[in-house]
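Shown next, in structure tokens, is the structure this report addresses.
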Amino acid sequence: MGVAEDLKNDLPVAMTMAAFVGAAWYICVELNVRLWFSYLRKRGLYFWACFVGTQGVLTQPLLIVLADFGQIKNPYVAFTFIYLSWWMLVIPQSVVLYSRLHLIVSNPKHNRYVLYMIIFTTIFVSLPTVGLGVAAQASRIPHILSANLIWDRVQVTIFFLQETIISILYIVETRRVLLNRSILGQDDTTVRTVMRHLIYTNILVVFLDCSLLAMSYSPYFYVQAAFKPCVYGVKLRVEFSILNRLVSTLRGSLAHLKTVSSGHTPTLSGWNLRGKSTQETLPILAVGHCSLAFQPPPSPLTKVRSWSAKRLG
């Protein structure tokens, strides 16, 4: 491959790539350490999506560097592993967001639609990308290369739209929760702070996706190859932080509700902390005033928190 000579003759591009690769690897090591020490039980959709995503952040730039400098001689082997690492990089990103979406979105239909969207793009977008990419890059046939270039931009746009839709759903639903005082209570500042940070994080994710989309349409191919793992690593890192804080905060809030409602069944709008159904008429806690009132119809508080209680249990 003549890539090594091109990079040696273009020092600014080589240094830029090295910076992005170094940042991606640092994030990968940190995330793996946090992941394995934070979760005693190595199971669940969220854990494995994060784990596979971090391996994609690690292996994608490594394989590209090895292929560019001719350390992997067979082009079919090289590009097969490169595109498989691309799959590990891209697909788990949306799965990570989906796996915690039920904590905010109380309508299960919306969650199912997001799941169907992820399944569709995984089968009908990512798999053709891997197959066409390996065939084009390894064979170097001009018309296949042209088709792959067009498809590559199409798939980048599709995954950009998918992740943007999920992020916007987080933003809209979180804002709805924040605007409804009956959901959080006037004094529940910790939950409000985490909810605001969740909004800011998803706004940042949208901007990062925009930068990735712009880079994909630029002529800087070598920089793009190192920039993408770095961006996905940053997104995984910020999402890992805020989503774990969201889970911890909701668990703490539900535990507080259980404590202050002593003398009554420790439930929250038809669901106890283990997610099992209870009686239809239950006490509803007014969090802002730490008082209990019996109200037959469930308020928005009961819908949001009962859903969280069910899934967190």
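Here's the yes/no breakdown for (1) closer than 20 Å to W87 by Cα; (2) at pLDDT 95 or above; (3) touching a His at 6+ places or on another chain (Cβ under 6 Å); (4) assigned by TED's automatic domain parsing to the domain that holds F120:
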{"site": "L149", "(1), (2), (3), (4)": "yes, no, no, yes"}
{"site": "T157", "(1), (2), (3), (4)": "yes, yes, no, yes"}
{"site": "V172", "(1), (2), (3), (4)": "no, no, no, yes"}
{"site": "D188", "(1), (2), (3), (4)": "no, no, no, yes"}
{"site": "S218", "(1), (2), (3), (4)": "no, no, no, yes"}
{"site": "Y222", "(1), (2), (3), (4)": "yes, no, no, yes"}
{"site": "A226", "(1), (2), (3), (4)": "yes, no, no, yes"}
Residue that is more than 20 Å from R34 (Cα to Cα), in the same structural domain as N32 (by TED's automatic domain parsing), of a type in the set (A, V, I, L, M) and modelled with pLDDT of 95 or more, where the choices are L204, L250: L204
Candidates L40, L66, L31, L45 - the one that is among the aliphatic types (A, V, I, L, M) and either buried (at least 18 other Cβ atoms within 10 Å of the Cβ) or at pLDDT 95 or above (or both): L31
Any hit, the stretch 37-44, residues being part of a helix (DSSP H, G or I), of a type outside the set (K, R), under 24 Å from V238 (Cβ atoms) and out of contact with any strand residue (DSSP E or B) (no Cβ under 7 Å at 6 or more places or on another chain): yes
Residue identified as touching a Pro at 6+ places or on another chain (Cβ under 7 Å) and in contact (Cβ under 8 Å) with a residue 24 or more places away in the chain among L58, L84, L89: L89
Filtered residues of the stretch 109-145 (kept if at pLDDT below 95 and hydroxyl-bearing (S, T, Y)): S139
Meets criteria (over 17 Å from the mean Cα position of the chain (by Cα) and not small (G, A, S)) for L132: yes
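Provide a single number: the residues in the stretch 20-54 that are of a type in the set (G, A, S) and touching a residue at least 60 places away in the same chain (Cβ under 8 Å). Full working, then the answer.
As a first pass, look at the stretch 20-54 and keep what is of a type in the set (G, A, S): 22-24, 38, 44, 49, 53.
Still in the running and touching a residue at least 60 places away in the same chain (Cβ under 8 Å): 23-24, 38, 53.
Summing the residues that are of a type in the set (G, A, S) and touching a residue at least 60 places away in the same chain (Cβ under 8 Å) in the stretch 20-54 gives 4.
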Residue within the stretch 112-121 that is in the same structural domain as R175 (by TED's automatic domain parsing), more than 19 Å from the chain's Cα centre (by Cα) and charged (D, E, K, R) present: no
Members of the stretch 36-73 found to be more than 13 Å from the chain's Cα centre (by Cα) and more than 30 Å from D6 (Cβ to Cβ), listed by number: W36, F37, S38, Y39, L40, R41, K42, R43, G44
Residues of the stretch 198-241 satisfying the condition of being more than 27 Å from D68 (Cα to Cα) and acidic (D, E): E239
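The values are calculated or read from the model by the stated rules, or taken from the named source; none is laboratory data. As the structure is a prediction and not an experimental result, all values here were calculated from the model. All Cβ positions, even for glycine, are placed from backbone atoms using ideal geometry, and neighbour counts span all protein chains on display.
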